[in-house]
Amino acid sequence: MTTEIDFAPEKLQKLGFLDIDVDPTLDLFEEINKLKKEKNAIILAHYYQEPDIQDIADYIGDSLGLSQEAARTEADIIVFAGVHFMAETAKMLSPHKKVILPDLKAGCSLADACPAPLFKKFKEKYPDHIVVSYVNTTAEMKTLTDICCTSTNAVQIIESIPKDQPIIFAPDINLGRYLVKKTGRDMVLWNGACMVHEIFSMEKIAKLRRQHPNALLIAHPECEEHLLATADYIGSTTGLLKFTMRSEATEFIVATEAGILHQMEKASPHKTFLPAPPENTCACNECPHMKLNTLEKLYICMKYEMPEVILPEWVIREGVKSIDRMLEISAKAGL
Ligand code: 13P
Ligand code: SF4
């Protein structure tokens, strides 16, 4: 750490954030709120962010909610407390706004599992297929995609496509398999996965279920097929949160990134939420990418308006079509 302000672009690119000490006596909540007003900035945060970031955000949501909010905001600056592909999506939807991210290195194992040049070659083998991609992809991948989807709208997106139209689904094989089962569509699947949702231990979950016989197992569709087969409810992060609010059950084993528990506990303080245990003793059910963002980095990034998400004009122009298509179908479906 340094007390000097280092704006060197190469260093910023390498570190991912501005390496500046934050005065420990500062009330960061107060300072961030001041910056929001001064700069007409909006903070959009994903449910997997640390609790302090969720608490200071103007909007907290899942991937679909965040992109809808990014498309409609009138703020001048979008501060994206999430991962890189989400901030890129916000930039594509609001290209004239400044989009900043507390740590540029906040990536995504799913997006990394599907490099655009490799996918381009793969796609050439299926010239009559259309491409549906989970939004967890790079901006360049979105230029090779016909329609994006998220875990909230994936079923509706697939069902909006004529039955005789063959589909490639990328990059999450677990979500893909779930959708094949749910919609009855036989899709060509890309073999990618999320490092967080594949870490859960079936053995430890079974033990937890024996200790809490009334607890419901709720799971994100990025989880593996064998886990989903035993789940009482499957849904996106927003779907899971809403389910815990309306369910009469009072105990839940939650198979997704542990950050969502903060909102579940806030919404239903009288209920018990148990994070599904990972294979190891590590905190592997926390996304290491999401957790690169901290309140200090959020403050520094708002103060200096860096690092910024910049995309080539052609990527925005070509890539946004697949996101717009997703938002249109979602709006028609009332999502
Ligand atoms: P949703 O926000 O669509 O539930 O997806 C979860 C996720 O893994 C985001 O990276
Ligand atoms: Fe990507 Fe998985 Fe982290 Fe979501 S939880 S950002 S899919 S690595």
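The values are calculated or read from the model by the stated rules, or taken from the named source; none is laboratory data. Because the structure is predicted, anything quoted here is derived from the model rather than measured. All Cβ positions, even for glycine, are placed from backbone atoms using ideal geometry, and neighbour counts span all protein chains on display. In case anyone asks, the SASA skips ligands and DNA or RNA and just uses the protein heavy atoms, side chains included. Shrake-Rupley method; radii C 1.70, N 1.55, O 1.52, S 1.80 Å.
Only a single criterion out of (1) assigned to a loop (DSSP other than H, G, I, E, B); (2) closer than 20 Å to Leu261 by Cα is not satisfied by Arg185, namely (2).
The single condition among (1) within 16 Å of ligand 1 (Cβ to nearest atom); (2) open to solvent by 10 Å² or more (accessible area, probe 1.4 Å) that Gln54 does not satisfy is (2). Counting only residues that are open to solvent by 10 Å² or more (accessible area, probe 1.4 Å) and of a type in the set (Phe, Trp, Tyr), which one in region 159-190 is nearest to Ala229 (Cα to Cα)? Here the residue is Tyr178. A count restricted to region 267-294 and to residues that are in contact with a Pro (Cβ under 9 Å, 6 or more places away or on another chain) and away from ligand 2 (no atom under 13 Å from the Cβ) stands at 1. Here Ile43 fulfils each of the conditions (1) modelled with pLDDT of 95 or more; (2) within 27 Å of Ser133 (Cα to Cα); (3) within 16 Å of ligand 1 (Cβ to nearest atom); (4) crowded, with 18+ Cβ neighbours inside 10 Å apart from (3). The condition of being modelled with pLDDT of 95 or more, over 17 Å from the mean Cα position of the chain (by Cα) and assigned to a loop (DSSP other than H, G, I, E, B) does not hold for Pro24. Only one entry in Arg317, Arg325 is in a helix (DSSP H, G or I), basic (Lys, Arg) and out of contact with any Cys (no Cβ under 8 Å at 6 or more places or on another chain), namely Arg317.
The combined condition, being more than 21 Å from the chain's Cα centre (by Cα) and part of a helix (DSSP H, G or I), is fulfilled by Leu208. When Ile300 is tested against (1) touching a Leu at 6+ places or on another chain (Cβ under 9 Å); (2) at positive phi, only condition (2) is not met.
When you check Met202 against the structure, is it hydrophobic (A, V, I, L, M, F, W, C), out of contact with any His (no Cβ under 8 Å at 6 or more places or on another chain), more than 13 Å from Leu274 (Cα to Cα) and away from ligand 1 (no atom under 13 Å from the Cβ), yes or no? In short, no.
Residues that are touching a residue at least 24 places away in the same chain (Cβ under 8 Å), in contact with a Phe, Trp or Tyr (Cβ under 7 Å, 6 or more places away or on another chain) and away from ligand 1 (no atom under 16 Å from the Cβ) occur in region 213-220; there is at least one.
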